[in-house]
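First comes the structure, then the notes that go with it.
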């Protein structure tokens with residue numbers, strides 16, 4: 001296992017600048033998630049760390065080694081792809097064992113048939129079979145070793161892909177949206193399994209996703225990336241409660257944070273309030289924003305109240321505990337007021353203003 | 001069909017038969033009928049235009065299998081196939097890999113190598129005749145420049161069949177190339193990246209780990225199609241050698257053609273055709289069976 005450092009990494013595809021001066025440190029054994037909408041450059045950054053793409057400038061360090069110019073196979077990282085990328089003609093055991101046979105056996109030993117006659121092949125194969133069995137047991141796929149990928153379910157394929165990654169104990173795991181091809185229920189289950197696996201292996205993991213619930217539930221820290229720039233790198237809780245930019249505040253959290261444009265003598269800015277930090281008050285209460293209820297979403301444990309406010313394009317949303325009080329009715333005129341101390345203030349450029 | 005039958009509703013059943021009737025009619029008239037007619041003809045002594053026809057059982061086949069020329073012809077066709085199939089399959093694969101890997105001029109090379117497929121082989125055979133002319137042909141003129149005496153490509157009995165095979169490879173490599181390129185396009189790029197991270201160090205390793213196994217279905221299809229096509233070799237033989245010298249390039253279809261249309265022994269020609277059909281059928285079945293088992297990984 002090893003720490004990873006990206007410094008001033010830039011990358012362009014043609015005229016499009018995909019990564020704009022990205023610097024990021026990942027500690028040894030840390031689970032770091034790169035979170036962002038599609039096209040923000042998060043996968044590109046991961047592929048640059050993996051060695052599948054070259055950075056135009058800047059440096060990548062894994063452990064104590066600078067790896068920018070090394071090919072992917074020499075960087076000692078393992079990758080799990082969204083499509084799993086299993087070799088369809090190989091059994092599960094062969095799939096998991098491939099990274100080992102590539103490293104422990106030479107070209108001649110790997111030849112089918114002839115390779116078995118060469119010295120060392122038998123010992124090498126035995127060692128590989130044992131390591132493969134160990135990895136398979138750790139992932140509960142021991143009974144599937146002789147199957148082909150086409151005979152596996154999505155979740156099983158996912159485990160095989162993980163097995164292929166962990167079998168050679170790489171310096172770091174790189175995961176590119178590994179759960180997005182699974183159905184919703186399995187995704188939630190794999191989320192906790194994956195975190196547990198990461199803790200157990202003490203592995204450094206970089207996890208790319210556009211799904212904020214994955215990012216929030218699994219990570220030690222989340223790096224939010226928007227339009228090729230790192231916006232904020234922080235533990236999930238801090239990211240939600242204490243965003244550095246308006247963009248992060250808007251990207252993280254569902255339903256989206258309420259944003260009000262404010263203007264004063266020193267220039268404009270934004271006030272942002274999380275839906276759960278809004279309280280419903282009488283329309284004429286002091287400090288209240290008045291509007292009409294457009295929609296009430298009952299979600300069981302809570303209700304979301306959408307309020308149309310004259311002069312605002314989007315409705316304001318308040319999240320109410322279901323038990324707290326009577327839900328407002330549609331069409332009713334009500335007031336919304338932020339709870340004391342829960343307003344996040346941003347300047348005109350979207351940067352956080354504290355105090 | 002099965003559903004309509006099991007439903008047992010007469011109206012539905014009638015509709016089902018009506019709907020499949022065009023397919024059945026064309027299949028019977030264009031495929032099954034002629035094939036059956038050939039099989040029946042092969043059991044008669046009919047000659048083209050003759051007023052009478054006698055049923056003579058398997059006499060045609062007995063005569064055929066006792067005929068030295070038939071076996072020579074069958075053997076030549078087999079040798080031709082065994083040269084052309086691997087030659088054109090591997091050349092096609094090589095071209096496809098080179099063109100896919102190229103950074104420029106892909107469209108040009110693709111078109112250039114596909115040209116022989118689109119051109120009429122009869123016309124191209126005439127061009128080859130000029131190229132291969134012993135004294136003034138381009139091939140020998142070029143060879144002479146580097147000090148090699150080319151000799152006669154088409155009249156030398158040990159060489160003529162292989163010359164034709166060379167033309168066969170030239171003609172079908174382009175089609176195989178296009179089929180392989182389609183196969184290459186279908187390989188998910190993720191697999192190459194996974195192989196790269198897993199430690200596949202060289203182009204050869206990536207080929208062995210990903211390209212070759214993933215091309216399995218394409219390779220099988222290309223091999224069988226090449227086999228059937230080269231088994232049907234006729235045009236070049238007819239134009240360039242007429243089966244000579246001394247039956248050295250006598251091939252199955254050419255024998256069939258001379259028997260049936262030069263000597264008008266239609267029944268005998270039909271028997272050769274049946275042998276031909278059986279071989280083609282066997283190749284096709286081989287593809288279906290092997291395809292199910294080995295190359296689709298399911």
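Scale the Cα Rg of the range A:4-246 by the rule-of-thumb value 2.2 N^0.38 Å and send over the ratio, two decimals.
Cα Rg divided by the expected 2.2 N^0.38 Å: 1.06.
Can I get the semi-axes of the protein assembly as shown's equivalent ellipsoid? Compute them from the C-alpha gyration tensor as square roots of 5 times the eigenvalues, in angstrom, largest first.
69, 33, 25
For chain B, what does -39500 (n - 2.57) per DSSP helix run (n ≥ 4), summed and divided by total residues, give at 222 nm, in deg cm²/dmol to the nearest 500?
Rounded to the nearest 500, the figure is -21000 deg cm²/dmol.
Between residue A:281 and residue A:111, what is the label-point separation in nm under the 7 Å Cα-to-beta-carbon projection?
According to this spin-label approximation, the distance is 8.4 nm.
Please report how far the C-alpha centroid of the range A:310-355 lies from that of the range A:135-210, rounded to the nearest whole angstrom.
Taking the Cα centre of each part, the range A:310-355 and the range A:135-210 sit 40 Å apart.
Take the Cα radius of gyration of the range B:209-298 and divide it by 2.2 N^0.38 Å, with N its residue count; two decimals is plenty.
1.42
Could you state the number of Å between the C-alpha centres of the range B:186-245 and the range B:94-135?
17
Can you pull the mean other chain C-beta count within 10 Å for peptide A:80-86? Working shown, then result.
Values: counts 2, 6, 1, 5, 2, 11, 3.
Across the residues of A:80-86, the mean count of other-chain Cβ atoms within 10 Å is 4.
Suppose the chain between residue B:149 and residue B:14 were pulled fully straight at 0.36 nm per residue; how much longer would it get relative to their current alpha carbon spacing?
My answer for the length gained is 41.4 nm.
Given the Cα-Cα distance of residue B:123 and residue B:39 and 0.36 nm per residue of separation, how much length would full extension add, in nm?
27.0 nm is the gain from fully extending residue B:123 to residue B:39.
Which whole-number percent is the relative contact order of chain A (Cα, under 8 Å, 6+ apart)?
Computed over chain A, the figure is 17 percent.
Sequence gap at least 6, Cα distance under 8 Å: using those rules, report the relative contact order of the range A:187-342 to the nearest whole percent.
Numbers: 246 pairs, mean separation 24.9, N = 156.
Normalised by residue count, the contact order of the range A:187-342 is 16 percent.
Which value in nm describes the separation of the simple spin-label points at residue B:106 and residue B:212, placed 7 Å from the Cα toward the beta carbon?
2.4
Can you give the mean number of other chain Cβ atoms that lie within 10 Å of the Cβ atoms in peptide B:197-207?
For peptide B:197-207, the averaged partner shielding equals 6.
Using a 7 Å offset from the Cα along the Cα-to-Cβ direction at both residue B:130 and residue A:349, what is the distance between the two label points in nm, to one decimal?
7.5
So if I take the alpha carbon set of chain B, get Rg, then get Rh from the Kirkwood formula, what is the Rg over Rh ratio?
Ratio of gyration radius to Kirkwood radius for chain B: 1.06.
Using alpha carbons only, how many angstrom separate the centre of the range B:150-173 from the centre of the range A:43-87?
So the two Cα centres are separated by 51 Å.
Let me confirm one metric for peptide A:6-14, namely the mean number of other chain beta-carbon atoms within 10 Å of its residues' beta-carbons.
0
What's the extension gain from residue A:150 to residue A:68 if we count 0.36 nm per residue and subtract their Cα-Cα distance?
Result: 25.9 nm gained on full extension.
Pick from A:120, A:29, A:58: which residue has the top mean-square fluctuation in a GNM of chain A where Cα pairs under 10 Å get a spring?
Between A:120, A:29, A:58, it is A:120 that shows the largest mean-square fluctuation.
Do you know the relative contact order of the range B:59-295, to the nearest whole percent, from alpha carbon pairs under 8 angstrom that are 6+ apart?
Computed over the range B:59-295, the figure is 30 percent.
Apply 1/(1 + (r/R0)^6) to the Cβ-Cβ distance of residue A:184 and residue A:256, taking R0 = 30 Å, and write down the FRET efficiency to the nearest 0.05.
Computed FRET efficiency for residue A:184 and residue A:256: 0.90.
What FRET efficiency comes out for the pair residue A:322/residue B:202, r = Cβ-Cβ distance, R0 = 51 Å, nearest 0.05?
Approximately 0.20, to the nearest 0.05.
Springs between alpha-carbon pairs under 10 angstrom, Gaussian network model over chain B: which of B:123, B:23, B:112 fluctuates most?
The residue with the greatest mean-square fluctuation here is B:23.
Mark the label point 7 Å from the Cα of residue B:68 along Cα→Cβ and return the residues of the range B:233-276 whose backbone N is within less than 19 Å of it.
Within reach of a label on residue B:68, which here means backbone N under 19 Å from a point 7 Å along Cα→Cβ, the range B:233-276 contributes B:243-252, B:255-256, B:259.
Using a Gaussian network for chain A with springs between C-alpha atoms less than 10 Å apart, which of these wobbles most: A:125, A:330, A:164?
Judging by the Gaussian network model, the answer is A:330.
Rule-based calculations on the coordinates, nothing more; no lab input. Predicted model, so just to flag it, every value in this text is computed and none were measured. Please note: Cβ atoms are built from the backbone with ideal geometry, for glycine as well, and neighbour counts cover all protein chains shown.
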